[in-house]
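Some notes on the structure that comes next.
Readers should treat all values here as calculations from the given coordinates under stated rules, not as data from a laboratory. These numbers come from a predicted model, not from an experiment. Because the Cβ atoms are built from the backbone with ideal geometry, glycine has one as well, and the counts that use them run over all protein chains shown.
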Amino acid sequence: MATIAGMALLTVLYLLLFKMRSVELSVFPKKFGTGYIIATAVTVILMIANPLNYTGGAEAIWMLIFSGIVTPIYEELIFRGYIWNKLNTVFSKEWQTYLVSTVLFGLWHLGYISSIAFRVDSGLANAMMWKVIVGLCFGVVLGAVRLKTKNCYSTILLHGVMNLFGK
């Protein structure tokens, strides 16, 4: 619960800070058409229809909120919003931004050691290696979507769905 609240609070603080400093995050597409409405509806339906919601009790619902909503918004605003746009000012080709942000996203997952350490009895190094590999794989897919759509709203939706099925 504390992690959910902390991440949600940080997201709000980031948004306020970025707004005050006029930092562009490229959150929403230039044209929010039917495709985005359908993708949003499908994402919401998948989250509501998640079987764990009905068999896992309140803890499962909190995990859904954390991994399916809060974490994707937090991470995507950072990596496919802020960092992506900053890297685009450094690199001449957007594919370079894609590669660097993907590697950074994979390495970011080392920060989840505290939550993983409590869930594994042995083999923490192996678990962390796989966490980074999965982060890199997610980053490859999410970065490709960001590269194609030029916004991070689509990556927020996809990240939420990927986390939903990645348990």
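Data for the structure
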| item | result |
| --- | --- |
| Max mean-square fluctuation residue, GNM over the chain, Cα-Cα springs under 10 Å, options Ile45, Ile69, Ile156 | Ile45 |
| Volume per residue of the C-alpha convex hull in segment 55-115, rounded to whole Å³ | 86 |
| Charge dipole magnitude, Cβ of K and R +1, D and E -1 - the chain, Cα centre, debye nearest 20 | 520 |
| Cα centroid separation - segment 153-167 against segment 84-144, whole Å | 15 |
| Length-normalised contact order for segment 1-153 - Cα pairs under 8 Å, 6+ apart - percent | 31 |
| Theoretical FRET efficiency, 1/(1+(r/R0)^6), r = Cβ-Cβ of Leu15 and Asp121, R0 45 Å, to 0.05 | 0.70 |
| Calculated log10 I(q)/I(0) by the Debye sum over Cα atoms at q = 0.14 Å⁻¹ (choose from (1) -0.88; (2) -0.79; (3) -0.61), label | (2) |
| Among Met20, Met47, Met63: highest mean-square fluctuation, GNM of the chain, C-alpha pairs under 10 Å | Met20 |
| Kyte-Doolittle mean at least 0.0, axial Cα span of 18 Å or more - DSSP H helices of the chain | 2-20, 34-48, 94-108, 124-149, 153-165 |
| Peptides ranked, highest mean first, by Cβ atoms within 10 Å: ranges 73-86, 94-107 | 73-86, 94-107 |
